[in-house]
1. Output yes when any residue across segment 124-147 is more than 20 Å from Y206 (Cα to Cα) and out of contact with any His (no Cβ under 7 Å at 6 or more places or on another chain), and no when none is.
2. What are the residues in segment 584-627 that are closer than 23 Å to P534 by Cβ, open to solvent by 40 Å² or more (accessible area, probe 1.4 Å) and among the polar types (S, T, N, Q), if any?
3. Give segment 463-504 a look and list any residue that's open to solvent by less than 50 Å² (accessible area, probe 1.4 Å), hydroxyl-bearing (S, T, Y) and not in a strand (DSSP E or B), or say none.
4. For the subset of segment 523-573 comprising residues that are polar (S, T, N, Q) and not in a strand (DSSP E or B), which member is least open to solvent (accessible area, probe 1.4 Å)?
5. If I ask for residues that are part of a strand (DSSP E or B) and in contact with a Lys or Arg (Cβ under 6 Å, 6 or more places away or on another chain), which ones from segment 338-368 would you list?
6. Of everything in segment 326-343, what is touching a residue at least 12 places away in the same chain (Cβ under 8 Å) and β-branched (V, I, T)? Give them in sequence order.
7. Looking at segment 165-180, which of its residues are open to solvent by 10 Å² or more (accessible area, probe 1.4 Å), more than 21 Å from K148 (Cα to Cα) and not acidic (D, E)?
8. Here are some residues: V466, V433, V478, V442. Which one is in contact (Cβ under 8 Å) with a residue 60 or more places away in the chain and within 28 Å of A329 (Cα to Cα)?
Amino acid sequence: MRAAGGQPYASYWHPNTILNWNPATDPDARFNRSRVPLRPRVSDPALKANPNARAGEGKIASLVSFGPTSNNPSQGSLDPNYYAFTHWQYIDTLVFWGGSASEGLILAPNATVIDAAHRNGVKVYGTVFFPPTAYGGQIQWVRDFVRKSGSNYAVADKLVQVAQHYGFDGWFINQETAGGDAALATEIRSLMKYARAKSQVEFMWYDAMTENGSVTWQDALTTANDAFLSDPARVSDSMFLDFGWGAGNLRSSRDLARSLGRDEHELYAGIDTEANGYNTGVSWDAVFPAGQPHVTSLGIYRPEWTWKSSSNPADFRTRDSRYWVGANADPSNTATSSSWKGLAHYIAESTAVTAKPFVTGFNTGHGDFYNVGGARVRTGGWNNLSVQDVPPTYQWVVNSTGNRLTPSIDYGDAYEGGSSLRLTGKLDAANTVRLYQAKLPVTADTKLSVVVKTPAAGPTQLKAAVAFTDAPGTFTTVDLGSTSGTGWERKTLDLSAHAGKTIAQLGLRAEGSAASYDIRVGQLAVYDGAVDAPAAPSGLQVLGATDVSSSRKSLRLAWTAAGSGSGGQVHHYDVYRRNADGSRTYLGATPNDAYFVPQLDRAGAETSTTIEVEAVSTEYGRSAAATATVAWSGEPGRRTARSAVRRPPQGSAPRTRARPRP
């Protein structure tokens, strides 16, 4: 029995159980919806950081296990130790990897991952995983998957419904269960064509089952599996090739794809980094030959090794930078004695900074506290990718004729969220820090706003740096002046002199001299006119509460979304509790109209607590709050009976194999 106020999880099913899924009766469904549409993004080859990287050719698909199939919280948790990925500029598709015989074969992504990916222009797929028989796979499950109801594929209809309701983009199909035949393989292809014909839902097919129904990995696109790509119509949108490929396999795969009228970059050559991360041996020249067009795209299995192998969040971030950007933490300089140069060596950055307003607080979606407007509103660890800002496109590119300053994401202070940008080091020459590639039109009322914090009052020695598309490599700078104290201060700059132009890059330039330069940047924003406040949400209600003790509850909240037309569009909703002294404590945030509060603590002997939800606009204006009341009973500190909460089954960790495959 699921508790009325208990933790909601990402959805998972077997083929027969998904037929019974109805979002109207699934109490978790409301919490798994993403409200962030897929943003368009661009990549200007003239602005790529690395001279070896190529734009508009090979792409990257990332297959990530954020947690066991049955234990993916819908909206984050109170643990900063999470795969808070910040290198979206290099990937095109994220597969929410999972599925197991004991838990469920079909796994839908949770809301936070969809929110963060879409904000960066990255598509998200759920997973359909039919495991090998050695890992509990049953061929009957595959037959259940393709069973028809009249002329309709019933499970396919549910796959489409789930993707559309939750707001993600497609499904990764991994059929590794032995015992099939050619007729079953044909039915699977028909199911994908059926679903694609009636929706915008996409499919990526994994190289395992062949056209005769056997499971025999080809490590290539061949005449044994090409019908899963084109049959003769477009069956799947892409194919993930198993890990055993070589240069010959990829060249023949490219040639066969072209003969079928398909782009070779719709083939993803798989690499398995689950065990060894950036110590994995990869035939890089086979897929991304130096100085030549990319042969195929790249599919990465389990890049979250950087997180799972780390000792703490800081170690994770160091490993993740090494994995994606390279050994020098500079995508423009990937020189290393290691064969793993970092993905930035091959793939040119893309940007989703393509529309105003653009606002970033350099919030990575996890941390040890939470600030709003520079004020501490919560202490304690958390993760929530729904509030992750678009990370800098370039991490990090600094141009200087002298010592180079060190940019970093600082988790010791923030203006919004749990982190900020910090520049430190010896300043003895101009330092230009490239941050974002962009495509933002400038009008007569466009503003550039920068929030900074200095250790002492005085000159910031910092300028905003903007480049325009007519000269994308040349920065125009505007001085940010001086600070009056040691708190956060906003500097708002007028860009009207550049009306009619389009911003191509955003950065910062430090000039002057300082033996130990140190400045934090808490927000960078480009917007038009005044900062709009959105309309307030309404109808806040407590859907259910679970008593953990007489002084702690978890809650499920819901409200009516703020209407449009009377203010700015809503970026997210902040959730607070009101304290006796009039202050507020932050409980969490979501772009959705429902939120799970994992921990509400009773203050003293209070008999009720007021909950407040306010809308935050895309320009970070804030609405009035909707309120609701939660009642307490019993004496504080006495433990009460815990309501029944769904727990994942034991032994549900993702499988491990001698030769791991998707």
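The values are calculated or read from the model by the stated rules, or taken from the named source; none is laboratory data. Note that this is a predicted model, so its numbers are computed, not measured. With ideal geometry, Cβ positions are generated from the backbone for all residues, glycine too; neighbour counts draw on all protein chains shown. Note: accessible area is taken over every heavy atom of the protein model, side chains too, but ligands, DNA and RNA are not part of it. Shrake-Rupley method; radii C 1.70, N 1.55, O 1.52, S 1.80 Å.
1. Going residue by residue through segment 124-147, those that are more than 20 Å from Y206 (Cα to Cα) are 147.
Applying the additional criterion that residues be out of contact with any His (no Cβ under 7 Å at 6 or more places or on another chain) yields 147.
Looking through segment 124-147, at least one residue is more than 20 Å from Y206 (Cα to Cα) and out of contact with any His (no Cβ under 7 Å at 6 or more places or on another chain).
2. T585, T610, T627 - these are the residues of segment 584-627 that are closer than 23 Å to P534 by Cβ, open to solvent by 40 Å² or more (accessible area, probe 1.4 Å) and among the polar types (S, T, N, Q).
3. S496, the sole residue that qualifies.
4. Step one: of segment 523-573, the residues polar (S, T, N, Q) are 523, 538, 541, 546, 549-551, 554, 560, 564, 566, 569.
Checking the rest, the ones that are also not in a strand (DSSP E or B) come to 550-551, 564, 566, 569.
Numbers: S550: 6, S551: 36, S564: 115, S566: 85, Q569: 138 Å².
By that ranking, first place goes to S550.
5. So the first thing to find is which residues in segment 338-368 are part of a strand (DSSP E or B), and the list is 347, 351, 358-360, 366-368.
Within segment 338-368, just T351 meets the criteria.
6. Once the filter is applied, which keeps residues that are touching a residue at least 12 places away in the same chain (Cβ under 8 Å) and β-branched (V, I, T), segment 326-343 yields only T334.
7. Within segment 165-180, the first condition is being open to solvent by 10 Å² or more (accessible area, probe 1.4 Å), and the residues that meet it are 165, 167-169, 178-180.
Pick out the ones that are also more than 21 Å from K148 (Cα to Cα) and you get 165, 167-169, 178.
Residues satisfying the conditions are H165, G167, F168, A178.
8. Values: V466 fails: in contact (Cβ under 8 Å) with a residue 60 or more places away in the chain; V478 fails: in contact (Cβ under 8 Å) with a residue 60 or more places away in the chain; V442 fails: within 28 Å of A329 (Cα to Cα).
Testing whether each residue is in contact (Cβ under 8 Å) with a residue 60 or more places away in the chain and within 28 Å of A329 (Cα to Cα) leaves just V433.
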